Amino acid sequence: MFIDLPLDELRRYRPPLPEPPGFDAFWHRTLTETHAHDLDARFTAVDAGMALLDTYDVEFAGFGGHRIRGWFLAPRGAEGPLPCVVQYLGYGGGRAHPHDWPLWPCAGLATLVMDARGQSGPDRPGDTPDPVGAAHPGVPGKMTQGLLAPDTYYYRRLYTDAVRAVEAAGAHPMVDPARIVVSGRSQGGACALAVAGLVPEVAAALIDVPFLTDIRRALEVTEDGPYGELARYFAGERLDIDRALATLDHVDGLNFAARAQTPALFSTGLRDAVTPPSTGFAAYHHYAGPKEQQVWRFNGHEGGGGHQRTEQIRFVRELFG
C-alpha cells in the first residue's frame, strides 16, 4: 500500500531544518580532529578472479585513526586518471566480495567501496571493527550506540569514515580527485548526502532512498527497519528522548542537504516504510545544489533497483561526458 502523504503533498513538503546550535562547528571540529591522523591509504592488489578488472584490498585511517577496510576496482588496462564512484553501504552489512561491485568499473570508472565499521551480515560480510564502545546501554543495532551525546554517537564516526573514503579514493594514482562521485542507498544514501554537504570538492552525489533524513518525522510515521530501534529505546528510556533527539539532529541529512552544492540524483519509493517518502522528498527539497529526483510509485525500500542504476549511469555520463 502507499504510505505517508499523497504525491501532490510530497512535492510541496519542505519541513523546517532541524539544525542544532553549533552544527557547523561540531562537524568542523570532528573533521579537524580526524585530519590530525595520517590518512595512510593502502591499496594491496588481490586476485579476485576477474580477468577484466584490477582489484585492491583497501585500508585507510577513518575517525579516530581507526583502520577502515574497503575494495578498490578499476578496468584493467585503463589509462587514468579515471572518475571514481565511492560507494557506501546499507544498514547491517559490510563490503562483501569484490565480485559484488563490477558495475562502475564495467562502465569505465573506478570505484572504492567503503566497509561500514562494526556492521556485517550473512549476504554482506564486513571486515572493519568499531573499537569505540557504547557510551550507555542501548537496544541491539547501531541506532542507539552513543545516542545521548553527539560526540559519542555512532553516525559521527561513520560519516567521518565516509569523508575519509573520498580522500582515500583521491590518493590512488588511477583516480582523478576532481571527478569523485559519492553513492549509496538507504544508510549509504545518508553517508553520500552527508559527504555532499561536508566535502564541497566531490563532483556529484547519487542518493537512493536516503535514511536518517527528517528523522523526527520518520519516527512519527514508521517503526520499520532501523527506526524501530529508536522507537524501542524510547519506549523504555522515556526521560532520554529530548536529549537523544538533539543528538540525532547533528546527523540529520536535511542539514547536510542545505549545505550541499554538488549535482545530485535522488530516488524515492512511494511505498517505502523503512525511509518514508516524505523524508526523502524533504531531503530533495532542501538540497541546495543542482538536483534530479526519480520517483518510483509502486516500489518500497528497494527503490528503482536496476532502473535506478540505469539513471545513475546516464547521470554520470552526462556529467563527465
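Against the test of being at positive phi, modelled with pLDDT of 95 or more, in contact with an Asp or Glu (Cβ under 9 Å, 6 or more places away or on another chain) and open to solvent by 10 Å² or more (accessible area, probe 1.4 Å), the options Asp214, Asp249 yield a single qualifying residue, Asp214.
Identify all residues within the range 162-184 that are assigned to a loop (DSSP other than H, G, I, E, B) and of a type in the set (D, E, K, R); write none if there are none. Don't jump to the end; show me each part of the working.
Here is the first cut: in the range 162-184, the residues assigned to a loop (DSSP other than H, G, I, E, B) are 172-174.
Matches in the range 162-184: none.
Pairs meeting the criteria (first residue in the range 125-142 and over 26 Å from Pro98 (Cα atoms), second residue buried (at least 19 other Cβ atoms within 10 Å of the Cβ) and of a type in the set (A, V, I, L, M, F, W, C), beta carbons under 7 Å, at least 6 apart or on different chains) are Gly138/Leu147. So, of the residues in the range 113-161 that are in a helix (DSSP H, G or I) and acidic (Asp, Glu), which turns out to be most open to solvent (accessible area, probe 1.4 Å)? Within the range 113-161, the match that is most open to solvent (accessible area, probe 1.4 Å) is Asp151.
Residues of the range 1-43 being under 30 Å from Glu59 (Cα atoms) and in a loop (DSSP other than H, G, I, E, B), which ones?
Start the filter on the range 1-43 by keeping residues that are under 30 Å from Glu59 (Cα atoms), which leaves 23-43.
Those that are under 30 Å from Glu59 (Cα atoms) and in a loop (DSSP other than H, G, I, E, B): Ala36, His37, Asp38, Leu39, Asp40, Ala41.
The helices (runs of 4 or more DSSP H) found wholly in the range 212-321 and carrying at least 1 residues that are more than 19 Å from the chain's Cα centre (by Cα) occupy 215-221, 227-236, 241-249, 305-320. The set of residues in the range 216-262 that are closer than 24 Å to His28 by Cβ and of a type in the set (A, V, I, L, M) comprises Ala244, Leu245, Ala246, Leu248, Val251, Leu254, Ala257, Ala258, Ala260. Each residue in the range 55-76 was checked for being surrounded by fewer than 20 Cβ atoms within 10 Å (Cβ to Cβ), basic (Lys, Arg) and assigned to a strand (DSSP E or B), and 1 of them qualify.
Can you confirm whether Asp224 is closer than 22 Å to Ala273 by Cβ and at pLDDT below 95? Working first, answer last.
Details: closer than 22 Å to Ala273 by Cβ: yes; at pLDDT below 95: yes.
So Asp224 passes the test.
The values are calculated or read from the model by the stated rules, or taken from the named source; none is laboratory data. The shown structure was predicted, so the numbers you read here are calculated from the model rather than taken from an experiment. Here Cβ is always computed from backbone atoms with ideal geometry, including for glycine, and neighbour counts include all displayed protein chains. Each accessible area value is taken on the protein alone, full model and side chains, heavy atoms only, with ligands, DNA and RNA left out. Shrake-Rupley method; radii C 1.70, N 1.55, O 1.52, S 1.80 Å.
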